[in-house]
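Q: I'd like to ask you about the structure that follows.
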Amino acid sequence: MNRWIVLALLGVAVAFAGCSGAQGAEASQDPKGEKGGPAPKAEKGDAGQATAGIFRVVTGNPSVSCASNEILVSLVCAAGAPDGSKCPSQAVGLCMRTAAPIDEMRQLDVTADSAMTGHFPNGWAVGRPKAPPTPADESEVGEFREQYDENKVHFAPTVEENLAPGASETVELPLAGPSGLSASVRWVGTINPPDVSLALNGSKLAATGTTYHFGPNRGGSLLNARTTAAGRATITVTNASNARMKVRIVFTATNA
């Protein structure tokens, strides 16, 4: 037998002899681990911004274009490389809107705005908005009354009256001593101011103040005067115009 064949057979035998050995002992099984707790719940992420209406696909050959409120953010050519917004072949682009959406609202013409034209309702009352009543512990009415009591401010009843041309309206207020008088007269119906006078016991008092008007047919007067004695203070408003007017008179006195 050839010497090399013998050596090969011996090598194979040795290899098989080395591979087989005594069987080892059976491995022991590890104890079962404890069951883990539930994983913490992940917080919900913020909602992503809707992209509907923001992006728009456009096609062209050899170029594409976007609207005036859009920009071209991507361009793909069917063949070749893009050059700006052009391709050497069919082009597909992606436009993104840059301007915010606009909600169109129709407004009244300036000629219909009473603040511009001066055409206001025939009166001074302003509608109060609907709201729940103020809790008693938050009301400030008591505080204002206390301030007026401390300053000894007296009010005559507010008068609203319609005056024909030449007609007059008088409001009186009894005074316990020297006082400061304040009066507010507002009218609707004419731009011409009425005659307004303050008096004590029938004698006209020197008064200071101002007269104003706005719009085509309304205005007002603010007057102040002082008395040096007690008595019967009055304010008289006379319609000196040729039009009928509606007047509102507020008359107060503060003890000196």
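Q: Tell me, yes or no, whether the range 206-215 has at least one residue that is of a type outside the set (V, I, T) and more than 46 Å from the chain's Cα centre (by Cα).
A: Yes - at least one qualifying residue is present in the range 206-215.
Q: Same structure, new question: Residues in the range 217-224: is at least one out of contact with any helix residue (DSSP H, G or I) (no Cβ under 7 Å at 6 or more places or on another chain) and either among the acidic types (D, E) or in a loop (DSSP other than H, G, I, E, B) (or both)?
A: The answer is yes; a qualifying residue exists.
Q: Take the range 222-235 and flag every residue that is touching a residue at least 60 places away in the same chain (Cβ under 8 Å) and more than 15 Å from T208 (Cα to Cα).
A: R232, A233, T234
Q: From V247, V237, V196, V185, grab the single residue that is out of contact with any Cys (no Cβ under 6 Å at 6 or more places or on another chain) and within 24 Å of K152 (Cα to Cα).
A: V185
Q: Given (1) modelled with pLDDT under 95; (2) within 40 Å of the chain's Cα centre (by Cα); (3) of a type in the set (G, A, S), where does A183 come up short, assuming only one miss?
A: (1)
Q: Quick one: which residue in G219, G231, G215 is within 14 Å of V185 (Cα to Cα) and surrounded by 14 or more Cβ atoms within 10 Å (Cβ to Cβ)?
A: Of G219, G231, G215, the one residue that is within 14 Å of V185 (Cα to Cα) and surrounded by 14 or more Cβ atoms within 10 Å (Cβ to Cβ) is G219.
The values are calculated or read from the model by the stated rules, or taken from the named source; none is laboratory data. Small disclaimer: the values here were computed from a predicted structure and weren't measured. Heads up, the Cβs are rebuilt from the backbone with ideal geometry, glycines too, and the neighbour counts pull from every protein chain shown.
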